[in-house]
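Working notes for the structure below.
The values are calculated or read from the model by the stated rules, or taken from the named source; none is laboratory data. Please read these numbers as outputs of a predicted model, since none were measured by experiment. All Cβ positions, even for glycine, are placed from backbone atoms using ideal geometry, and neighbour counts span all protein chains on display.
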Amino acid sequence: MELDWTTVALEIINFIILVWLLKRFLYRPVLNIVEQRQANIKASLDQARDAQEQADALKRQYTERLQTWEQEKQEARHKLQEELAREKAGKLESLRIRLDQEVDKARAARDSQNQQWRRETTEQALQMGAGFASTLLQPLADPHLEERLINLFCQRVSAWPPERLSGLRNGGDIEISTAYPLQESDQRRLQETLQTLATDHRSVLFQQDASLLAGVRIASGGWTLGLNLADELRGFAESYHE
Amino acid sequence: MNDGVSTPIWLHIGPLAIHETVVTTWLIMLVLVVASILMTRRLSLQPGRLQAMLEGVVLTLENAIANADSRNARRLLPLIGTFWIFLPVANLLGVIPGMHSPTRDLSVTAALALVVFFAVHAYGVRQSGLSYFKHYLSPSPILLPFHIISEITRTVALAIRLFGNIMSLEMAALLILLVAGFLAPVPILMLHIIEALVQAYIFGMLALIYVAGAMQQTTESPVTTSSRSTSGAP
């Protein structure tokens, strides 16, 4: 066991050459192919990452677009609902107005119909009342009743207002109609009374009219005044129109 | 006369005597280089089984180096990887009948230890410049002789450890073969295989630690730590 320096030197050289050869023919080719594969894998990963990012961007864009569409849809729906509500309110309002008008019209028609019915009924009642009264008074009418009516006329006529008697003052001859023939005293009392009211001297014409039933009717020109059952009953029957 | 320890001289080239171990080393180098050329001739991005195995071996070597020095793994791979490829083949060569391991020759292990010795300083200087040598003066210049002794002894220990283990295994197998006859040394040859692989790993790992320590030198000296780690090695 001795150290041979030649062998030592040669072995050092051998090992250094072996290091270089293995580096040249083993390590470098293997590491190069591994690095190349890693680079390819990295490129594939980068490409996949880019594709993933593009996909994410597209997904994000799609999501945003969907949100926008959803928002626009909501706005359009809201707007449509508002328009529908507005149109509904308008139609309801117009319908309510029409209904009110119809109700008013119906109420007016009903009131008119009621008034017509009431008028007709009243007229009918008055006519019937007048008829009943005429039927009732016709047997009661006699010269005494007429005399009492003439007395009542003479008492009241002086208390009448002047404008009511203006027709008499402005008229012409005076016609006095009675249902029964007047006694002379009654004729003289009526003539004096009327001439006093007319403030001048007028000619007075007496005549008999059985349609008066009982009482007196005085006419001068177009002016007429009377207190008799026929005129009173007719006045009673026509009082509704007045 | 071959005493079982000395290696015979095969030829003389002038004044130089070429021993058998040198020729065996050339044979191993030839096999490794030719195998490397053949296996890396048709590398592709879609590896076959052989290429996958080859890439696995190289990447395993690189990862083992990276565990000690991750920053310089690629730079240290040729040296340390060659130790881890050459030494198992060289150590296991003695298992083949008629062949002898070159590492049973002290001159070979000394040469390899000297390669480690110079590589440590070469990588250290390449990494840190001449300031690399300042670590010999730290923490105190008084420790300079001890640093130098440490450098020498760990280099000697590298050489002697590999030489002693491989030589003793071959010697034991030879003695058992002489005394007990054919097939009797088979168990000791199995031990030889294990020991050869372990010693190759230890030599490469120690070389890696020394070189990585030198490359990481700044002001403190991990050489002392590395020296301590060698004390536990077989």
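General remarks:
- The residues of region B:78-111 that are at the interface with chain A (Cβ under 9 Å from one of its Cβ atoms) and charged (D, E, K, R) amount to a single one, B:Asp105.
- For A:Gly222, the stated conditions hold: it is free of Cβ contacts under 8 Å to residues at least 60 places away in the same chain and among the small types (Gly, Ala, Ser).
- Count of residues meeting criterion [polar (S, T, N, Q), farther than 17 Å from B:Leu208 by Cα and within 12 Å of the chain's Cα centre (by Cα)] in region B:75-134: 2
- Here A:Leu197 clears all of (1) touching a strand residue (DSSP E or B) at 6+ places or on another chain (Cβ under 6 Å); (2) more than 30 Å from A:Gln115 (Cα to Cα); (3) surrounded by 12 or more Cβ atoms within 10 Å (Cβ to Cβ) except the condition numbered (1).
- A:Gly172 vs. criteria more than 59 Å from the chain's Cα centre (by Cα), surrounded by fewer than 20 Cβ atoms within 10 Å (Cβ to Cβ) and at pLDDT below 85: yes
- Criterion applied to B:Ala111, B:Ala90, B:Ala122 was being among the aliphatic types (A, V, I, L, M), surrounded by 24 or more Cβ atoms within 10 Å (Cβ to Cβ), free of Cβ contacts under 8 Å to residues at least 24 places away in the same chain and in a helix (DSSP H, G or I), and the one residue passing it is B:Ala111.
- Extreme residue, farthest from the other protein chains (Cβ to nearest Cβ), among residues of region B:6-46 that are outside any helix (DSSP H, G or I) and either buried (at least 17 other Cβ atoms within 10 Å of the Cβ) or touching a residue at least 40 places away in the same chain (Cβ under 8 Å) (or both): B:Thr7
- Residue in region A:28-43 that is within 14 Å of chain B (Cβ to nearest Cβ), small (Gly, Ala, Ser) and surrounded by 10 or more Cβ atoms within 10 Å (Cβ to Cβ) present: yes
- Members of region A:5-27 found to be of a type in the set (A, V, I, L, M, F, W, C), within 18 Å of B:Leu38 (Cα to Cα) and surrounded by fewer than 20 Cβ atoms within 10 Å (Cβ to Cβ), listed by number: A:Trp20, A:Leu21
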